[in-house]
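Below: the structure, in C-alpha cells.
Read the figures in this text as sums done on the coordinates, not as results from a lab. Please read these numbers as outputs of a predicted model, since none were measured by experiment. Please note: Cβ atoms are built from the backbone with ideal geometry, for glycine as well, and neighbour counts cover all protein chains shown.
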Amino acid sequence: MGNQEAGANIAGLYSLTATCEANAVEPIAYLTDVLGRVGSHPAAALDDLLPHNWRPSG
C-alpha cells in the first residue's frame with residue numbers, strides 16, 4: 001500500500017463497496033450520485049445517503 005494511511009483508506013473503500021453490493025446498489029452509480037449531493041444535502045438527513053437507504057437522485 002505504500003504506507004499505513006493508504007492501507008486504511010483502501011480498506012474503507014473496500015468496505016463501502018461491499019456494503020453497496022450487499023444492498024444491491026451499484027457502487028459506481030452510488031458514489032457518483034452521493035459525491036454530487038453530499039455538499040447540499042441536509043446534515044440532519046445524511047442517513048438517507050447510506051447505501052441501505054440510498055435512492056438515486058433525479
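Considering only residues that are of a type in the set (Ser, Thr, Tyr), surrounded by 10 or more Cβ atoms within 10 Å (Cβ to Cβ) and either touching a residue at least 40 places away in the same chain (Cβ under 8 Å) or within 16 Å of residue 58 (Cα to Cα) (or both), which ones fall in the range 1-44?
Scanning the range 1-44 gives 30, 32.
Is it the case, given these coordinates, that residue 47 is loosely packed, with under 11 Cβ neighbours inside 10 Å and of a type in the set (D, E, K, R)?
yes
Can you name the condition, by its number, that residue 56 falls short on among (1) surrounded by 13 or more Cβ atoms within 10 Å (Cβ to Cβ); (2) not in a helix (DSSP H, G or I)?
(1)
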